[in-house]
Amino acid sequence: MEKHTLGDYTISLKTMMLQPIAHSVYQTKIFDTDGQFYSKKTPLELIKESCLTQTYSTYEGRRQAIQKKYDIKNNVPIPLDHRNYLCAIPTASPERWDCSWLFYGQVARFDPHGKDTKIHFHNKDFNVLKVGLNKIKRQYMRTGDLLAKMNLTDRKNKL
């Protein structure tokens, strides 16, 4: 089921992946548990918008905080709701045109697909990305570690 949107898509727990596309109108193909949508905004613009509306912070501020506190230098995962494992994982430098964003809580597993990687989602959908299997697995594991640390910090602060 494919749907079109005019840029009013909101990243949520249903978001599986944002993929840049070369199209005359749309810049992002959105994979969601409710179907596929298209946005006139870039994946990074959608992430930045979600930072403001969901974390009350800028993307740049969120990124710098994660870099400093958790010592992550490159391809920084962006937690939008760490308590619910809503975290955007870049597949390359976010400044690159071909950077897709995976969402941690929706990924079931990764399989090799030649030099690329097949990403399986919990709803049984899948997609193939031009990124090495080991690289994306490291990114995913690093994101899980980050989310665990953030949730442990929350728990310590409540005690």
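FYI, it's all coordinate maths here, none of it is from the lab. Predicted model only: the values in this text are computed from it and were never measured. Positions of Cβ are backbone-derived with ideal geometry, glycine not excepted, and every protein chain shown enters the neighbour counts.
Points worth noting:
- Count of the stretch 91-104 residues which are farther than 15 Å from GLU45 by Cβ and buried (at least 17 other Cβ atoms within 10 Å of the Cβ): 5
- The combined condition, being closer than 23 Å to LYS130 by Cα and either among the charged types (D, E, K, R) or surrounded by fewer than 22 Cβ atoms within 10 Å (Cβ to Cβ) (or both), is not fulfilled by GLY61.
- Checklist (1) over 28 Å from LYS69 (Cβ atoms); (2) in contact (Cβ under 8 Å) with a residue 24 or more places away in the chain; (3) out of contact with any helix residue (DSSP H, G or I) (no Cβ under 9 Å at 6 or more places or on another chain) applied to LYS124, failing item: (2)
- If the condition is being touching a residue at least 40 places away in the same chain (Cβ under 8 Å) and either surrounded by 18 or more Cβ atoms within 10 Å (Cβ to Cβ) or over 19 Å from SER12 (Cα atoms) (or both), then the stretch 66-84 contributes ILE66, TYR70, ILE72, ASN75, PRO77, PRO79, LEU80, HIS82.
- Selection over the stretch 60-87 of residues that are under 16 Å from SER50 (Cα atoms), out of contact with any strand residue (DSSP E or B) (no Cβ under 7 Å at 6 or more places or on another chain) and of a type in the set (Lys, Arg) gives a count of 1.
- Among residues of the stretch 5-18 being buried (at least 20 other Cβ atoms within 10 Å of the Cβ) and touching a Ser or Thr at 6+ places or on another chain (Cβ under 7 Å), the one that is nearest to HIS122 (Cα to Cα) is MET16.
- Summed over the stretch 133-159, the residues that are surrounded by 14 or more Cβ atoms within 10 Å (Cβ to Cβ) and more than 15 Å from PRO77 (Cβ to Cβ) give a count of 1.
- Members of the stretch 43-60 found to be of a type in the set (Val, Ile, Thr) and within 13 Å of the chain's Cα centre (by Cα), listed by number: ILE47
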